[in-house]
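The values are calculated or read from the model by the stated rules, or taken from the named source; none is laboratory data. In this text the structure is predicted, and so the values were computed from the model without any measurement. All Cβ positions, even for glycine, are placed from backbone atoms using ideal geometry, and neighbour counts span all protein chains on display. Please note that ligands, DNA and RNA were not included when accessible areas were found on the heavy atoms of the full protein model with its side chains. Shrake-Rupley method; radii C 1.70, N 1.55, O 1.52, S 1.80 Å.
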Amino acid sequence: MKETGHTDTALEVRDLTRAFGVRKALDGVSFDLPRRAFLSVFGPNGAGKTTLIKVLTTLLNPTSGTARVLGLDVVDDAVEMRQRIGLISHNPLLYPDLTAEENLLFFAEMYGIDRPAGRVNELLEAVELDHRRLDLTRTFSRGMLQRLSIARALLHRPEVLFLDEPYSGLDPHAMDILDGLIAQVRNDHTFVMISHDLDKGLELCSHALILARGKVVLFEPREAIDEGAFRATYRSTVGMGVS
Amino acid sequence: MKSANTRAMVALVIGAVLTLAAFIGTFFWAAVPDYGTVSQPKYSFSARHPEAIDERLAHDYIGNRVGYEVEVVTDEGTVTGTLVAAEPKEGSGDGADAVMLATVATASGEQTIEVTKDDEVTAQIYNYGKPDWGQKIFYFHVPIAEISFIVFAVAAYFSVRFIMTRKREYDTKSRIAMELTMTFVALTMATGILWTKAAWGVWWQWEPRLTTYFIMTLLVVAYFVLRNSVEDEERRALYAAAFSILAFIDAPISFFITRLIPSTHPVIESGGLQPPMLITFIIAQIGMLFVGYAIYRLRMGEMELRDRIERAKTELEG
Amino acid sequence: MASASGRQFRAILRKDIVMELRTKEMLMSMGLYALLTMVVYFVALSQAGSEFDPRTIAAGLLWLAFIFTSLLGLNRSLVHEKDQGCLEALLLSPVDRPVIFFAKVVGNLTFLLIVEALTIPVFAFLFLQGHALESGAFSLVPLVMVAGSIGISGIGTLLATMSVNTSGKDFVLAMLFIPLVYPLLLGAVTATNAAIVGGPDAMMVFWQGMAWVAGYDVVMLLASYGLYEFIVGA
């Protein structure tokens, strides 16, 4: 029974556990996220945020429990699911020895996009890099790389976008551009973002989740969140004054 | 936990007793009618300098048996007597068939036999007249070598299980089996080198069995090098599992391909072992198996304890 | 699906070739390394005297050069995938893992063959001149070269995918690679030697060596193909 894509839930995570021996990176994580929501995932280092994203993007298999993205199981329907999700990481995930255009064309081929040249042009314009299209990405600044990386993630028109600390290492101008790009696609996409930046994460999100030691400490829609209490909870998971 | 350790200790004691019994047996029982068969296989081909290699081969087989009573079986018949000399034939090589002249003192006087290149020559050695001390190592060397292959197979089996299930226990089992392989491989190498010196007069020879075994040793070492150089625990387990499977596929290929080099390693012929030797050998083999199993159990017990400590630690952390 | 895989296969291969032609990283380092090996060979053989016929060990020397240059190249081939997490992006796309494996193998094979094809004439020029190749079977050497390189790049691609994630990449790759390719190496040297030196049984020996190499290629490519999915995702 595959109700592929017709559910209103974007993410359906049930008792998700990821363990190797006694160490549990994820320990019984469960939550539901509606479509077109923006989920911010907070938590200290080693809380399991990256593991969660890797499981939800099919890069890692869960040890037990299930996760469905757009109604598709992360294990059984992995190939189909990859067609409908995108990842923007703090790593640009681009080949430094290819030009901007070649990078996008390469990934367009990987996603089997029809008439890739047109789509690539469109995206290069959208991220304001069409004047640098023939330059090797090796020569790009951090901000430009991140913009190109967004273009790469949007190539195949994914419905769910995963953001793994996309703001880290960006200068304020690049952050503004990134904000603008996210705002453009905000309304017809579901977002899952990992962030260390509490202000930024809360500003963007419609739902917030705090992970600690692989467990869900808190999962609430933005409206229900009392900021003071939320900050206190977050700080308690980080512990000992580290923020 | 306790019963598992007890079982391991019992296995260790049984193994030790059997091995010791075999050890005594080799001197007081199996030694008496010391009898063995060394057979020279058909010459392997070599595109280069066939004559040189054949001379060496023939000398290794028969030349080392000067002073022993031998039975040389060739096309022309059987000659029994004491081997007086074994010399490479002058001018052999250029199309000449004979590569060696073996002089045997028979009841009717000395007789010189031409050992030819294309013949299968069997030299049966019996009634040594003096104990063949070098041969004693056979009761340890061969069982240990066989067990090293068995534990290697066990390691590969658990590696397959690990890749299928991703359960860490299989990784641990596979690793411990690999540690055992390492131990037995090292012992086989040590005993083998001693025997090579005693029987062939050299410590090492690039000969098929030895070469294959050397490669296997390197594969096992490589397994641990790989393990030690991967940080992430699960990745380490996966890589190690994949490599041990590849190594296990590679070992038999190495074994057979080395047939491209001519061999001098003795092979036990079916029915070639007299009962005293056979029984001693089997006892040694069973004893070694018990010892191997005991070490495996003890190491597993240790790993289980470590896991419990880890679990307790994580619980204490909250 | 098959055509989609074909498209992805071509895309990965084209990308690797474009990048290599741009940086010439693998080809340059492998080619120069092969040349340096020749110098070392000259030194190693310098005291052998004029009686010595280098043909008798030419096969071994050639494959020695091939094996060490390929180690160098294999190491490089995976490093750029790892550089900015590109491999992760590749794995995120809807591509079957074997497609990545075969594209990488074919890419590595191409570069290996180019360097080897350049090494053979240089080697013959430097060491085999004056020693008439009367056996006439020298033309069979490229056949062994291709068959051997298939196995080298097959198993090498898998091992390099592992070693790129280890501390001490180069050493780990050599440690895993050389014992594993021992059968291939022995078969290839036997066949190459038969082709160069000749002799009455040369053809029989040659094809026997080739059969070993081909058998090894099939077994190891299948094994690597089966294991790659688990390795690349780890």
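Tabulated results
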{"quantity": "Built amide H within the under 5 Å cut-off of A:LEU218, gap 5+", "calculated": "A:ILE210"}
{"quantity": "Ranked by how many other beta carbons lie within 10 Å on average, peptides B:287-295, A:81-89 from highest", "calculated": "A:81-89, B:287-295"}
{"quantity": "C-alpha long axis of helix A:100-110 to longest principal axis of chain A, angle in °", "calculated": "60 degrees"}
{"quantity": "Gaussian network model of chain A, Cα within-10 Å springs - most flexible of A:THR190, A:THR51, A:THR233", "calculated": "A:THR233"}
{"quantity": "C-alpha long axis of helix A:172-185 to longest principal axis of chain A, angle in °", "calculated": "90 degrees"}
{"quantity": "Residue-level accessible surface for B:VAL17, protein heavy atoms, 1.4 Å, Å²", "calculated": "90 Å²"}
{"quantity": "Interface area, C with A, accessible, probe 1.4 Å, both sides summed, Å² nearest 100", "calculated": "2600 Å²"}
{"quantity": "Packing-based order for A:55-63, B:300-308, using average beta carbon neighbours within 10 Å, highest first", "calculated": "A:55-63, B:300-308"}
{"quantity": "Local net charge near A:ILE225, Cβ-Cβ under 14 Å (Lys/Arg +1, Asp/Glu -1)", "calculated": "-4"}
{"quantity": "HN-Hα J in Hz across the range C:204-209 - Karplus 6.51, -1.76, 1.60, θ = phi - 60°, x for Gly and Pro", "calculated": "4, 4, 4, 6, 5, x"}
{"quantity": "Ranked order, C:MET203, B:MET216 - accessible area, probe 1.4 Å, largest first", "calculated": "C:MET203, B:MET216"}
{"quantity": "Relative packing of peptides C:209-218, C:5-14 - highest average C-beta neighbours within 10 Å first", "calculated": "C:209-218, C:5-14"}
{"quantity": "Residue with peak Gaussian network fluctuation, chain C [Cα springs, cutoff 10 Å], from C:GLN47, C:GLN208, C:GLN129", "calculated": "C:GLN47"}
{"quantity": "Chain C: angle of helix C:2-23 to the longest principal axis, Cα-based, in degrees nearest 10", "calculated": "60 degrees"}
{"quantity": "Cα pair distances in the range C:59-138, grouped into 10 Å bins until the bin that holds the longest one, percent each", "calculated": "14, 36, 24, 15, 8, 3"}
{"quantity": "Radius of gyration and Dmax over the Cα atoms of the range C:2-233, both given in Å", "calculated": "18.6, 62"}
{"quantity": "Other-chain or far-sequence residues with amide H under 5 Å of A:SER89's (modelled H)", "calculated": "A:ASP164"}
{"quantity": "Local electrostatic count, B:VAL154, Cβ distance below 11 Å [Lys/Arg +1, Asp/Glu -1]", "calculated": "+2"}
{"quantity": "Other protein chain Cβ atoms within 10 Å, averaged over every residue that makes up B:166-178", "calculated": "1"}
{"quantity": "Shielding score for A:188-199, defined as the mean number of other chain Cβ atoms within 10 Å", "calculated": "0"}
